[in-house]
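The values are calculated or read from the model by the stated rules, or taken from the named source; none is laboratory data. All values derive from a computational prediction rather than experimental measurement. All Cβ positions, even for glycine, are placed from backbone atoms using ideal geometry, and neighbour counts span all protein chains on display.
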């Protein structure tokens, strides 16, 4: 399939955005691996931290499942996952977990003539599209949600993650909450069996974004920073309160506002389908995993310094990329109740 010049440039931008941070990897003092969801902000924080301290951070954007595997294998100083690890598993493995950033997962489409946030979908219709029950953009259920919008007919291609993914965990957690059919037939998790007959996988948020850009009449899901950076056609979603909302940092913040992280064992929770008129329904946090008894105490201490810097000085950087910084009260809880469990001396 031939790419238009605009689409080719979009795909190239994705490649360049990842490659542009290679110098950080070469000069790294601490290492992490995992979720692609927070890669844009972790890269920005790493750049600023390097400039401030001279210490580098090498982050491998390999997906949440890969990050969990690497921290369990003790090949990195921290793991990162958007799919929170259960408290009992943290305890068994001698690890702690804390949320580092909040963002959103947004459906993206490649349908001729549609502009960002013109198309409106609700959770059930979105689930039916990804389940392969709705197969064409001229389906009457889509038309009913979009009166007056000219949506050309075309067979829908579903684009999903090919790797174990926290972005997928957040996305499928939402679909399982709003669609009983999805919950029973597909379920939720970092990797699921995608049922749609016309579908294609992509590695990382980058791969999904590139495939949606390439494949006409496709729909996929990515962390919002990837959609915004590459000028992709995003979708409005109907939230729990019945309001259609667009993805941005304000609607992510609205969704997360009611979460009391201090009351959650291991701090691990999904915040999808949250109540509130302004809440974006597919909102989630990205988590950091570290050992209580690290093999390399100096590196572990440096990881804490890095995230402390990010919490203190990285808020504007996060907002500029349409992430939501952790609330001050949550950061204080992390400092006093999570980091103190890590024996770095």
For segment 58-73, how many residues meet the condition of being buried (at least 20 other Cβ atoms within 10 Å of the Cβ) and under 17 Å from residue 190 (Cα atoms)?
10
Among the residues of segment 34-44, how many are on the phi < 0 side of the Ramachandran plot, touching a helix residue (DSSP H, G or I) at 6+ places or on another chain (Cβ under 7 Å) and buried (at least 24 other Cβ atoms within 10 Å of the Cβ)?
5
Of all the helices (runs of 4 or more DSSP H) wholly in segment 67-145, which have at least 2 residues that are within 19 Å of residue 169 (Cα to Cα) and touching a residue at least 12 places away in the same chain (Cβ under 8 Å)?
87-93, 123-131
Give 332, 302 a once-over and let me know the one that is in a helix (DSSP H, G or I) and in contact with a strand residue (DSSP E or B) (Cβ under 6 Å, 6 or more places away or on another chain).
302
Sole miss for residue 293 among (1) outside the structural domain of residue 323 (by TED's automatic domain parsing); (2) modelled with pLDDT of 95 or more; (3) out of contact with any helix residue (DSSP H, G or I) (no Cβ under 9 Å at 6 or more places or on another chain) is condition (1)
Pairs under 9 Å by beta carbon, first residue over 19 Å from residue 254 (Cβ atoms) in segment 326-341, partner in a helix (DSSP H, G or I) and at pLDDT below 95, six or more apart or different chains?
333/261; 333/262; 334/261; 337/262
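Conditions tested, residue by residue: (1) touching a helix residue (DSSP H, G or I) at 6+ places or on another chain (Cβ under 8 Å); (2) closer than 24 Å to residue 86 by Cα.
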{"residue": "153", "(1), (2)": "no, no"}
{"residue": "162", "(1), (2)": "yes, yes"}
{"residue": "173", "(1), (2)": "no, yes"}
{"residue": "187", "(1), (2)": "yes, yes"}
{"residue": "227", "(1), (2)": "yes, no"}
Are any of the residues in segment 162-178 surrounded by fewer than 20 Cβ atoms within 10 Å (Cβ to Cβ) and in a helix (DSSP H, G or I)?
yes
